[in-house]
Amino acid sequence: MPNVTWLSHSVIQIDTAGTTLLVDPFLTGNPKATLGPDDIDPDVILVSHGHGDHIGDTIPMAKRTGCLTIANFEIVGWLEQQGLENLRPMHIGGGADFDWGRVKLTNALHGSVLPDGTYGGNPCGFLFTVEGKKIYHACDTGLFYDMKLIGEEGVDLAILPIGDNFTMGPDDALRAVKLLEPKQVLPIHYDTFDIIEQDPVSWKERVEGETGAKVMVLKPGENMEV
Ligand code: NI
Ligand code: MN
């Protein structure tokens, strides 16, 4: 079974059949991160959008490990200019099969400028199919009704921001759970900074009271099975 580690903020590590996938590796400068960029050797890094709290340590980690980096076409072009070589451009609505499973890029309602001001294209989320399980990482997004279409695929785990201010807050994240109907939910993108402080335990009680989903509240560095 795939194992999912929450490394704080939007940083998600998925270990599946000997492969380590790492989404949005913001570790340096992240006040809640329990690991640094030299502590993980990902096989694949996936970047949802250009903001610094998501692209994070992608460049040094990819250069050190030589891992594959997946992002949209615009971000891949920028990473190539920064000297990365092992790159896979994709875009929203497109999926691809790899030896570790499948990933499809999904909509996300957000912005995506890169740290130097370069246009980063549209932000995205990721729908993974690994070991027969569907894992949806919404990344940074507001609520959108097409989450219902993602839910129709049969989501085992939905990873949803609840921090408010920059992304969905608790109320809209609850509505997202109702659209997605996942078996399990992992709340993320909260408590990293003062302006996104939330109470995940009271959110868990609301979600489990109003939906059939089980909410996993993790501490940074903790993991769960899907
Ligand atoms: Ni962002
Ligand atoms: Mn963010």
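Local charge for residue 154 was computed over the other residues whose Cβ lies under 15 Å away, with Lys and Arg +1 and Asp and Glu -1, and equals +1.
A simple rule links phi to the HN-Hα coupling: the Karplus curve 6.51 cos²θ - 1.76 cosθ + 1.60 with θ = phi - 60°, which for the range 54-59 gives 10, 5, x, 8, 3, 5 Hz, with x for Gly and Pro.
A Cα-only calculation for the range 3-218 places Rg and Dmax at 15.9, 49 Å. Between the listed residues 42, 84, 103, the Cα displaced farthest toward the positive end of the dipole of the chain, a dipole computed from Cβ unit charges relative to the Cα centre, is found at 103.
When the chain is described by a simple charge dipole with +1 on each Lys and Arg Cβ and -1 on each Asp and Glu Cβ, the residue from 217, 54, 115 located farthest towards its positive end is 217.
Give me the mean projected area, in nm² to one decimal, of the convex hull enclosing the Cα positions of the range 1-103. Mean orientational projected area (the range 1-103, Cα hull): 6.3 nm². For residue 90, the residues whose modelled amide H falls within less than 5 Å of its own, excluding neighbours fewer than 5 places apart on the same chain, are 71, 72, 73. Model label sites at residue 181 and residue 28, defined 7 Å from Cα along the beta-carbon direction, differ in position by 4.5 nm.
DSSP finds beta bridges in the range 119-190, and of those with both partners inside it, around 40 percent are antiparallel.
Sorting 65-73, 1-9 by average packing, meaning the other beta carbons within 10 Å per residue, from highest down gives 1-9, 65-73. Going 7 Å from the Cα of residue 86 in the Cα-to-Cβ direction, what parts of the range 1-28 have a backbone nitrogen less than 18 Å from that spot? Label zone hits: 13-25. Note that the range 96-109 has calculated 3J(HN,Hα) couplings of 8, 9, 10, 5, 9, x, 10, 9, 10, 7, 10, 4, 8, 9 Hz, one per residue in order, obtained from phi through the Karplus relation 6.51 cos²θ - 1.76 cosθ + 1.60 (θ = phi - 60°); glycine and proline are x. In this structure the amide hydrogen of residue 184, modeled in the peptide plane, comes within under 5 Å of the amide hydrogens of 157, 158, 214, none closer than 5 places in sequence on its chain. Applied to the range 27-37, the Karplus parametrisation 6.51 cos²θ - 1.76 cosθ + 1.60 on θ = phi - 60° returns per-residue 3J(HN,Hα) values of 10, 5, x, 8, x, 9, 5, 9, 10, x, x Hz, with x for Gly and Pro.
With both bridge residues required to lie in the chain, what share of the DSSP beta bridges run antiparallel, to the nearest 5%?
Here the antiparallel bridges make up roughly 55 percent for the chain.
Applying 0.36 nm per residue to the separation of residue 19 and residue 116 and subtracting their alpha-carbon distance, the gain on full extension is 31.8 nm.
We did not get these values from a lab; they are worked out from the coordinates using the rules stated. What you see is a predicted model; the values in this text were computed from it and never measured. Cβ coordinates were reconstructed from backbone atoms using ideal geometry, including for glycine residues, and neighbour counts include every protein chain displayed.
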